[in-house]
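Enquirer: Could you have a look at this structure, given as structure tokens, before my questions?
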Amino acid sequence: MKILLADDHPLFRDGVRHVLSQLSQHVEILDAPDFPGVFRIATEHPDLDLALVDLYMPGMPGHQGVAAFRQQFPEIPLVVLTASESSQDMQKVMTAGALGYILKSYPAPLMLEALRSVLGGGMFLPEAPALTGDESARSAGEQISLTTRQREVLALLAEGKPNKLIARALDLTEGTVKIHVAAIFRALEVSNRTEAVIAARRLGLAMPGNDRPYPGHHA
């Protein structure tokens, strides 16, 4: 496994390197202190399994850096690792193409869970209480009406599953799944899956059979 770790604080990188070493018996970690370094290493190592990037680094604004990276290296999963607890920052980078938003305050086991979720093809978002700026969104969420089946579909969307696998998991036809997805998009006023996952988290929607906010600390 080969991971790009980008942060402009060497001591922090050293700490994260220790956490990343627990992902696999064989982990190669490549360091970058800024966004130019991120692009250089990704160019030199197109076989990267993951890019773990600080939001605020020299070179360019974080969400612009994420967008530029995703455009140039669409096959490399990118996760933002940040001290920012702003819901606006999270929405910007997730919309720009990041597959995860991990807070630097997380303990090592939760960080590892988040990274394994992304490496497994899913997404990762913080729990609603972990971010600031969500109060109005949570209030608005009480007015959103989704059926139990739509919430089940939404939960599987958050895991990164395509319609075919959602249909199999819920014993539905792909056509029916498409109808549910379209209804979810309309209810949340979004146009794609990433926006739907972000909106669901911001609105505090509840997962079926689970009384904590959707999608919880992993998506």
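The values are calculated or read from the model by the stated rules, or taken from the named source; none is laboratory data. Here the structure is a predicted model, which means the values were calculated and not measured. Neighbour counts are summed over all protein chains in view; Cβ atoms, including those assigned to glycine, are modelled from backbone coordinates with ideal geometry.
Enquirer: Identify all residues within the range 191-201 that are surrounded by fewer than 22 Cβ atoms within 10 Å (Cβ to Cβ) and assigned to a helix (DSSP H, G or I); write none if there are none.
Expert: The answer is Arg193, Thr194, Glu195, Ala196.
Enquirer: Which of the following residues is over 22 Å from the mean Cα position of the chain (by Cα) and modelled with pLDDT of 80 or more: Glu152, Glu174?
Expert: From the options Glu152, Glu174, the qualifying one is Glu174.
Enquirer: Quickly run through the range 1-32 and pick out the residues that are closer than 23 Å to Met90 by Cβ and either without any contact (Cβ under 8 Å) to a residue 60 or more places away in the chain or crowded, with 20+ Cβ neighbours inside 10 Å (or both).
Expert: If the condition is that a residue be closer than 23 Å to Met90 by Cβ and either without any contact (Cβ under 8 Å) to a residue 60 or more places away in the chain or crowded, with 20+ Cβ neighbours inside 10 Å (or both), then Ile3, Leu4, Leu5, Ala6, Asp7, Asp8, His9, Arg13, Gly15, Val16, Leu20, Ala32 are the ones that fit.
Enquirer: Please verify whether Val93 is at pLDDT 90 or above and either out of contact with any Asp or Glu (no Cβ under 7 Å at 6 or more places or on another chain) or surrounded by fewer than 17 Cβ atoms within 10 Å (Cβ to Cβ) (or both), treating the condition exactly as stated. Show your work before the answer.
Expert: Values: at pLDDT 90 or above: no; either out of contact with any Asp or Glu (no Cβ under 7 Å at 6 or more places or on another chain) or surrounded by fewer than 17 Cβ atoms within 10 Å (Cβ to Cβ) (or both): yes.
Against the criterion (at pLDDT 90 or above and either out of contact with any Asp or Glu (no Cβ under 7 Å at 6 or more places or on another chain) or surrounded by fewer than 17 Cβ atoms within 10 Å (Cβ to Cβ) (or both)), Val93 does not qualify.
Enquirer: Looking at the range 160-185, which of the residues that are among the basic types (Lys, Arg) and farther than 20 Å from Gly97 by Cα is surrounded by the most Cβ atoms within 10 Å (Cβ to Cβ)? Please lay out each step first, then the result.
Expert: The first filter runs over the range 160-185 and keeps only residues among the basic types (Lys, Arg), leaving 161, 164, 168, 178.
Filter again for farther than 20 Å from Gly97 by Cα, leaving 164, 168, 178.
On the way: Lys164: 10, Arg168: 12, Lys178: 15.
Here the residue is Lys178.
Enquirer: I've got another one for you. Could you please find all residues in the range 89-112 being in contact with a strand residue (DSSP E or B) (Cβ under 8 Å, 6 or more places away or on another chain) and in a loop (DSSP other than H, G, I, E, B)?
Expert: Gly97, Ala98, Leu99, Lys104, listed by residue number.
Enquirer: Out of Leu110, Leu157, Leu188, report the one residue that is modelled with pLDDT of 60 or more, assigned by TED's automatic domain parsing to the domain that holds Ala51 and surrounded by 15 or more Cβ atoms within 10 Å (Cβ to Cβ).
Expert: From the options Leu110, Leu157, Leu188, the qualifying one is Leu110.
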